[in-house]
Amino acid sequence: MEDKTVCIEFTINREKKALQIPSRMSALTVIRDILGLTGTKEGCGVGECGACTIEVDGQAINSCLMFGAQLDGCNVLTVEGLEKEGQLHRIQKAFLDNHAVQCGFCTPGILMSTHALFEENANPDDEEITKAIAGNICRCTGYQQIFASIKDACSTKTGNG
Amino acid sequence: MNYITPDNLKDALNFLACHGEDTEIVAGGTDVMIDLRAGKLEQKKNLLDIRNLAELKGIDFKDEKLFIGAGVTLTEINRSDTIKKYAPALVKCSTTFAGRQIRNRATIGGNVAHSSPCGDTIPPLVIHEAVALIANKTGEKLIPVEAIASGPYQSSLSKDSIIVKFILKPCRANFTDFQKIGRRKELAVSRMSMAIMADKDEQGRISFIRVSLGACTPIPQRMDEVEQFLMGKIPTQDLIWDAGKILAEKMAGVTGRRASSVYKEPAVQGLFMRILYPVVL
Ligand SMILES: Cc1cc2nc3c(=O)[nH]c(=O)nc-3n(C[C@@H](O)[C@@H](O)[C@H](O)COP(=O)(O)OP(=O)(O)OC[C@H]3O[C@@H](n4cnc5c(N)ncnc54)[C@H](O)[C@@H]3O)c2cc1C
Ligand code: FES
Ligand code: FES
């Protein structure tokens, strides 16, 4: 079936974009292949790993399960947008300080799930943290350092955000 | 493929009246995306995005009925005080439904319309005797939620129609719960799910009971035999065990005995015991 195109306008990492995209292209492909923002990863492509997590209107979502066309009118944040004026976000700093990155494939998605959690709740308890990152799989770290980083980011006030 | 985003229900229904056969409705898209990737939508010419249809949004309690828009997401269900008050089993189901990212997009209407045997919202809807308000160009009708799935992944909805909302009888029982068994704790697709609502009279006899089973039967359904067996009886441990046995037999009767029955029958009985244990005297 031949794909028609669809026009979308949205804000991504504080920048306005107007694009014409194939109608069934995923939001993930729009972000990676059209906009060149390759920080967002494709792991499973079917909603199970969370590597493709981005924030849409303040909520963490799997960009592999969303149509690019559904981005129309939305406010999108990807891992590239966490840094502001050369300053890492405090969540990113905490991940570095606590050695929460090994191969790094899961990291952008977990950073975005954490960011969305903090948008809702600046001081989540352990269970809320576990729930917020349950949709993100990490094959390397065993989650201990990731969890420690998130706890750390709750209490630090340094960095932007 | 065309991607269309109508502004209102009327335009959407007019479009479906002409192009329903070739069109796939997109709500959150979490099932549609996967079906598309799997090549199941090759014959479709249009994707119809229903996000702007105001009629599909919102949660309301009016005239002793609970209304839940088909476009309400699992996250919205999870956070709704109204649903917590009038349909707590549905809120319970939303806490174990996929991961946060999917709950933020997945809608209750999409979950029911997809007719997956493991649609977790269906057993909680069924114990509330929920009906769906279905609209097409010519009008509206009410269909019980149980009648929407005609088989695994097969919906009885005609291609020109949209589920607008669900209408539930509010919870009047003191005890209600939803539990599921999956392969792992988080993000597990249900192997078995169960929603129960129960109440007792002053003498401690069961005066009200609704039992609905999902995932392990081809379509989620209410278990009338078990309800009838328990009505008017004092719930002892032995009685609940016997009722669980009836439930397991009913399940085996619906699905036909297979290799997995060896574990499924005791599992369904065990899950039933676990849920109803707080009601035992
Ligand atoms: C990793 C993963 C984990 C999951 N875990 C669970 C789980 O634990 N429990 C569970 O129950 N499900 C689970 N699901 C499936 C769940 O995400 C979907 O069933 C979801 O609820 C569908 O809603 P949607 O809005 O995304 O629907 P869509 O994908 O947009 O649509 C689904 C189907 O319903 C039709 N449709 C949608 N809305 C309407 C309407 N208003 N009227 C008529 N037809 C309509 C569409 O045409 C389509 O055929 C999981 C999925 C994934 C990928
Ligand atoms: S790539 Fe989207 S969840 Fe795995
Ligand atoms: S660091 Fe490798 S998958 Fe998480």
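The values are calculated or read from the model by the stated rules, or taken from the named source; none is laboratory data. Fair warning: this is a prediction, and the values are worked out from it, not measured in the lab. For neighbour counting, all protein chains shown are included, and Cβ atoms are generated from backbone atoms with ideal geometry for every residue, glycine included. Please note that ligands, DNA and RNA were not included when accessible areas were found on the heavy atoms of the full protein model with its side chains. Shrake-Rupley method; radii C 1.70, N 1.55, O 1.52, S 1.80 Å.
Points to keep in mind about this one:
- Boolean, A:Leu19 is among the hydrophobic types (A, V, I, L, M, F, W, C) and under 16 Å from the mean Cα position of the chain (by Cα): no
- Of all the listed residues (B:Asn136, B:Asn111), the sole one being over 13 Å from the mean Cα position of the chain (by Cα) and either within 14 Å of chain A (Cβ to nearest Cβ) or within 11 Å of ligand 1 (Cβ to nearest atom) (or both) is B:Asn136.
- Scanning region B:151-168 for residues that are part of a loop (DSSP other than H, G, I, E, B) and surrounded by 17 or more Cβ atoms within 10 Å (Cβ to Cβ) gives B:Leu157, B:Asp160, B:Ser161.
- Selection count, region A:94-131, where residues are small (Gly, Ala, Ser), closer than 19 Å to A:Gly47 by Cβ and either assigned to a strand (DSSP E or B) or away from ligand 1 (no atom under 16 Å from the Cβ) (or both): 1
- Residue count, region A:64-93 (criterion: at pLDDT 95 or above, in a loop (DSSP other than H, G, I, E, B), open to solvent by 60 Å² or more (accessible area, probe 1.4 Å) and more than 10 Å from every other protein chain (Cβ to nearest Cβ)): 1
- Of all the criteria given as (1) at pLDDT 95 or above; (2) assigned to a loop (DSSP other than H, G, I, E, B); (3) surrounded by fewer than 22 Cβ atoms within 10 Å (Cβ to Cβ), the one not satisfied by B:Cys118 is (1).
- Looking across B:Ile134, B:Ile209, one residue alone is assigned by TED's automatic domain parsing to the domain that holds B:Leu16 and not in a loop (DSSP other than H, G, I, E, B). It is B:Ile134.
- Of all residues in region B:98-108 being facing chain A (nearest Cβ under 9 Å) and of a type outside the set (Gly, Ala, Ser), the one that is surrounded by the most Cβ atoms within 10 Å (Cβ to Cβ): B:Gln101
- Residues in region A:49-63 that are at the interface with chain B (Cβ under 7 Å from one of its Cβ atoms) and more than 17 Å from A:Ile8 (Cβ to Cβ): A:Gly50, A:Thr53, A:Gln59, A:Ala60, A:Asn62.
- Scanning region A:27-41 for residues that are open to solvent by 20 Å² or more (accessible area, probe 1.4 Å) and either within 12 Å of another protein chain (Cβ to nearest Cβ) or not in a loop (DSSP other than H, G, I, E, B) (or both) yields A:Thr29, A:Arg32, A:Asp33, A:Ile34.
- Condition check for B:Asp49: facing chain A (nearest Cβ under 9 Å), over 20 Å from the mean Cα position of the chain (by Cα) and more than 16 Å from ligand 2 (Cβ to nearest atom): yes
- The one condition in (1) away from chain B (no Cβ under 14 Å); (2) under 30 Å from A:Glu15 (Cα atoms) that A:Asp125 fails to fulfil: (2)
- As a summary of the residue check, A:Leu96 satisfies the conditions (1) in contact with a Cys (Cβ under 6 Å, 6 or more places away or on another chain); (2) in the same structural domain as A:Ala134 (by TED's automatic domain parsing); (3) of a type outside the set (S, T, N, Q); (4) open to solvent by 40 Å² or more (accessible area, probe 1.4 Å) except for the one numbered (1).
- Scan of region A:132-157 for residues that are within 16 Å of ligand 2 (Cβ to nearest atom), outside any helix (DSSP H, G or I) and crowded, with 16+ Cβ neighbours inside 10 Å, ordered by number: A:Ala134, A:Gly135, A:Asn136, A:Ile137, A:Cys138
- A count restricted to region B:192-208 and to residues that are farther than 23 Å from B:Gln221 by Cβ and crowded, with 23+ Cβ neighbours inside 10 Å stands at 0.
- Set A:Cys74, A:Cys49: member being within 16 Å of ligand 3 (Cβ to nearest atom), touching a residue at least 40 places away in the same chain (Cβ under 8 Å) and closer than 30 Å to B:Leu47 by Cα: A:Cys49
- Of the strands (runs of 3 or more DSSP E) that lie entirely inside region B:5-85, those containing 1 or more residues that are touching a residue at least 60 places away in the same chain (Cβ under 8 Å) span B:23-26, B:59-62, B:65-69.
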